[in-house]
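S.K.: Got a structure for you, written out below as structure tokens; questions coming shortly.
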Amino acid sequence: MELDIRKLFIILLEKWWIILLSIVAVATVTFSVFFFFVDPVYTSESTLYVYNSESRPTNSLTSGDLTVARNMVSTYVVLLKSDSVLNEVARITDFGYTPAQIRKMIKASAENNTEVMKVTVENTNPVHAQVLTNTLIDVGAEKIVKVMKAGSVEIIDSAKLPIKPSGPNILLNTVIGAMLGAMLSVMAVLLLEMYDTKIKSEDDLKELFKVPILGVIPSYTPD
């Protein structure tokens with residue numbers, strides 16, 4: 001059965017309760033899953049400044065120095081995630097994490113394409129996130145200078161204890177779940193209506209057979 005725009009709106013209005021129940025049900029399930037079964041994640045971050053020389057320059061930096069320092073950041077990121085650094089971090093912190101597990105928690109990159117390197121650690125335990133970040137930059141800074149034998153790293157900001165979780169965003173996920181429930185219920189209602197071949201009214205007869213209606217048998221309910 002073909003459906004025009006007007007009929008689509010009428011059908012959706014008639015089935016509004018199904019759509020509403022679907023929205024509430026999916027939103028409730030989504031909220032419950034993320035609130036009760038997904039552990040909150042805390043993010044602790046620190047920043048480091050990369051120098052081209054072995055010590056902090058006292059004179060003004062040239063554009064060449066800054067370019068070299070920015071290029072060194074990408075190398076420092078690789079070294080920061082190396083097994084030699086992460087093995088030492090795992091040994092010092094003694095939280096029971098393997099180097100591979102710690103590596104998955106780490107994000108490190110140049111801040112806005114500058115010589116400043118930002119290091120973050122995500123963990124379900126806020127204390128672990130802070131301790132791992134500070135230990136990582138302490139061990140990493142020493143290891144980087146030792147391996148590179150050029151340049152230096154200075155810690156700008158040490159990691160602080162995160163108070164609020166950085167994820168998951170329960171409200172956003174609930175809204176997305178509600179939207180998904182609305183879309184699925186609308187699609188289900190329209191598909192069921194399109195594949196429903198029952199003749200329910202005179203209009204259905206006229207549309208299907210294109211012939212005039214000669215008479216209508218009224219419905220009869222015995223007393």
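S.K.: Output the residue which, of all residues in the range 150-163 that are touching a residue at least 40 places away in the same chain (Cβ under 8 Å) and not in a strand (DSSP E or B), is surrounded by the most Cβ atoms within 10 Å (Cβ to Cβ).
M.R.: A159
S.K.: Would you pick out the residues in the range 164-174 that are surrounded by 14 or more Cβ atoms within 10 Å (Cβ to Cβ) and either part of a loop (DSSP other than H, G, I, E, B) or without any contact (Cβ under 8 Å) to a residue 12 or more places away in the chain (or both)?
M.R.: Matches in the range 164-174: P165, S166, P168.
S.K.: Do you know which of the residues in the range 97-130 that are of a type in the set (G, A, S) and in contact with a helix residue (DSSP H, G or I) (Cβ under 7 Å, 6 or more places away or on another chain) is surrounded by the fewest Cβ atoms within 10 Å (Cβ to Cβ)?
M.R.: Filtering first and then ranking leaves S109.
S.K.: Restricting the range 139-189 to residues that are among the basic types (K, R) and modelled with pLDDT of 90 or more, which is nearest to V85 (Cα to Cα)?
M.R.: K160
S.K.: Name, by its number, the condition in (1) modelled with pLDDT of 70 or more; (2) not β-branched (V, I, T); (3) not assigned by TED's automatic domain parsing to the domain that holds V33 that does not hold for Y220.
M.R.: The one condition Y220 does not meet is (1).
S.K.: Related question: Restricting attention to helices (runs of 4 or more DSSP H) lying wholly within the range 5-111, give those where 2 or more residues are touching a Pro at 6+ places or on another chain (Cβ under 8 Å) and modelled with pLDDT of 95 or more.
M.R.: Of the helices (runs of 4 or more DSSP H) lying wholly inside the range 5-111, those with at least 2 residues that are touching a Pro at 6+ places or on another chain (Cβ under 8 Å) and modelled with pLDDT of 95 or more span 83-93.
The values are calculated or read from the model by the stated rules, or taken from the named source; none is laboratory data. Worth saying up front: this structure is predicted, and the values here are computed from it rather than measured. No Cβ is skipped: glycine too gets one built from the backbone with ideal geometry, and neighbour counts run over all protein chains shown.
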